[in-house]
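A.B. asks: Can you read through this structure? Questions will come right after.
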C-alpha cells in the first residue's frame, strides 16, 4: 500500500450560510510515489478532496516542441472519476535547458520563453476548455502551483540571477507573513478563472 502524506490536514472552512459549528473540514494529500486506480479509490473512500501532485517539466517535455502527456493523463482521468480536485506543482527544468533540474528558468529570454510556453501548454490541455476534455465532461484544473519550495537550495539553484533572487525573496517574504505566494489576480480564460500560486514555500 503506497503511502499518502497529509498535505493540507484538517482545516475548517466556514460556509457562507453556515454556523461556525457546522464548518466542514477539508482533506488533501500529496503522493510520495506513483499512483494507481486503487490509490484513488482509497482517497475517495477516505473523503480526500484535493491531491497535490508533481509535474516534472523534463518528463513531460523531453525536448523542445515535444510533449509526452502519458504521466499526467491517467492522474487527471482517475481524479475526475473519483471527484478529487487536483493541485499540480510544476517543478524543474529539462536537460535541454540546464543540466541541473533545480535551475530556475529565468536566466535569459530563451529560458523564460520556454518556461512560459510549457505552462501555457499545461493550461491549454488541462485547464477550463482544455483539449484533454474535448467531447467529454470537464474536470479542469483551476489552481497551479509554480515551482516547489524555492527557499530551499535543493529546489532552487544557487548562485542565481538577480531576477531569480528577487523572486525567491518575494516568495520568502510572502510566506513569512503567513500566506500563500499568489501572483496577482486570477486570469480569465473562456470566461472562467485560473489561479496560479507561486512557490509552495516551506516555513
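Every read-out reported here was derived from the displayed coordinates using simple, explicitly stated rules and does not represent laboratory data. In this text the structure is predicted, and so the values were computed from the model without any measurement. Don't worry about glycine lacking a Cβ; one is built from the backbone with ideal geometry, like all the others, and counts go over all protein chains shown.
A.B. asks: Can you work out D for the stretch 27-144 in µm² s⁻¹ from Stokes-Einstein, where Rh is the Kirkwood radius over C-alpha pairs, the temperature is 10 °C and the viscosity is 1.306 mPa s?
C.D. replies: The estimated diffusion coefficient comes to 105 µm²/s.
A.B. asks: Within the stretch 27-48, which residues have the backbone N less than 12 Å from the label spot 7 Å out from residue 81 along Cα→beta-carbon, could you tell me?
C.D. replies: 36-42
A.B. asks: Give, in nm to one decimal, the length gained when the segment between residue 69 and residue 27 is fully stretched (0.36 nm per residue of separation minus the Cα-Cα distance).
C.D. replies: Once the chain is fully extended between residue 69 and residue 27, it gains 12.4 nm.
A.B. asks: Expected output is a single nm value to one decimal: the length gained when fully extending between residue 100 and residue 158, i.e. 0.36 nm times separation in residues minus the C-alpha distance. What is it?
C.D. replies: Result: 19.8 nm gained on full extension.
A.B. asks: For residue 109 and residue 137, FRET efficiency with R0 = 45 Å and r from the beta-carbon atoms, rounded to 0.05?
C.D. replies: Once rounded, the FRET efficiency stands at 0.70.
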